[in-house]
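Some notes on the structure that comes next.
The values are calculated or read from the model by the stated rules, or taken from the named source; none is laboratory data. In this text, all values refer to a predicted model and were calculated from it rather than measured experimentally. Here the Cβ positions follow ideal geometry from the backbone for every residue, glycine too, while neighbour counts run over all protein chains shown. Calculation scope for accessible area: heavy atoms of the full protein, side chains included, ligands and nucleic acids excluded. Shrake-Rupley method; radii C 1.70, N 1.55, O 1.52, S 1.80 Å.
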Amino acid sequence: MKKIFKIFSLVSLICLSLTGCKKQRTKLVIGIDASFPPMSFMQDGKITGFDVELAAEVAKRMNLEFEAKPIDWKNKDKEMQQGTIDCIWSGFTILEEREKQYAFTKPYLSNEQILVLNNDTDITSLSQVKNFVIGCQSYSSAENAINASPSFYSSVKSIIYSDDYLKALEDLKDRKVDGIVMDSVVAKYLITVADEPFVIIDEPLAHENYGIGFKKGKEGEELRNQVWQTLQQMQHDGTVTAISIKWF
């Protein structure tokens, strides 16, 4: 009996000291911006959207419980570091500075940062923008695009930052801002599906790609690889196309 107890004690010590004995993953928690249609947003009291449906199907195929967790976008890095989410999957643009912090998948969707105006405007190009008050989401790719475009930045009178795009669009409707820089996939969805009274200036400020961002390190990169492999399977069997048609 003593010998058996010693064996179990030794096994316990080994499991405590080796990462190979870590707990089996049972759940996939994605961090989302819940005001980012059609990628991730609230509809009839439930979280839905293109990214949410993709992620839910990935989790199902990986035999994992699924949760889409709304986060404050400006605190996304903290959420990841604290381990409250497993990845950010919500129209997350792959940027050079972000690649220093996140283990990204390959791109799964192309996007542009564009200027949105009220539909009674006479403006048809970025060169016509003079002394505009521009709205954008704080800590977003739109903010990066504005800062990276010297000619556009110098033509702007001021920038009003919002916590989310829906608030920014309300400011545009109310004439509190003259225009909004935002993701084209969101703007096109709102104009074509929600019939919002906006127009898009065809000339983009920036071209970009969406990816799924995981925590750097062995565990995060292994999960990234498993998710990406599953997503590729969904692409091959037509699931991604079906979900794309539904939302776009």
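Computed quantities for the displayed model
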quantity: Those residues of region 1-32 which are closer than 18 Å to Phe66 by Cα and either surrounded by 11 or more Cβ atoms within 10 Å (Cβ to Cβ) or modelled with pLDDT under 70 (or both), in sequence order; calculated: Lys23, Arg25, Leu28, Val29, Ile30, Gly31, Ile32
quantity: Wholly within region 70-153, strands (runs of 3 or more DSSP E) carrying at least 3 residues that are out of contact with any helix residue (DSSP H, G or I) (no Cβ under 6 Å at 6 or more places or on another chain) and exposed (fewer than 15 other Cβ atoms within 10 Å of the Cβ); calculated: none
quantity: Residues of region 23-56 that turn out to be of a type in the set (A, V, I, L, M, F, W, C) and in a strand (DSSP E or B), as a count; calculated: 8
quantity: Gly45, sole failed condition from (1) among the small types (Gly, Ala, Ser); (2) modelled with pLDDT under 95; (3) in contact with a strand residue (DSSP E or B) (Cβ under 8 Å, 6 or more places away or on another chain); calculated: (3)
quantity: Selected residue (only one of Ile114, Ile146 is touching a Pro at 6+ places or on another chain (Cβ under 6 Å) and either of a type in the set (A, V, I, L, M, F, W, C) or farther than 16 Å from Ile201 by Cβ (or both)); calculated: Ile114
quantity: Enumerated helices (runs of 4 or more DSSP H) restricted to region 159-248, each holding at least 2 residues that are open to solvent by less than 70 Å² (accessible area, probe 1.4 Å) and modelled with pLDDT of 95 or more; calculated: 218-236, 239-247
quantity: Scope region 44-55; condition among the small types (Gly, Ala, Ser) and more than 15 Å from the chain's Cα centre (by Cα); matching residues; calculated: Gly45
quantity: Whichever residue in region 57-69 is touching a residue at least 24 places away in the same chain (Cβ under 8 Å) and not in a helix (DSSP H, G or I) and, among such residues, is surrounded by the most Cβ atoms within 10 Å (Cβ to Cβ); calculated: Ala68
quantity: Counted residues, region 33-51 - those being under 18 Å from Val240 (Cβ atoms) and open to solvent by less than 10 Å² (accessible area, probe 1.4 Å); calculated: 6
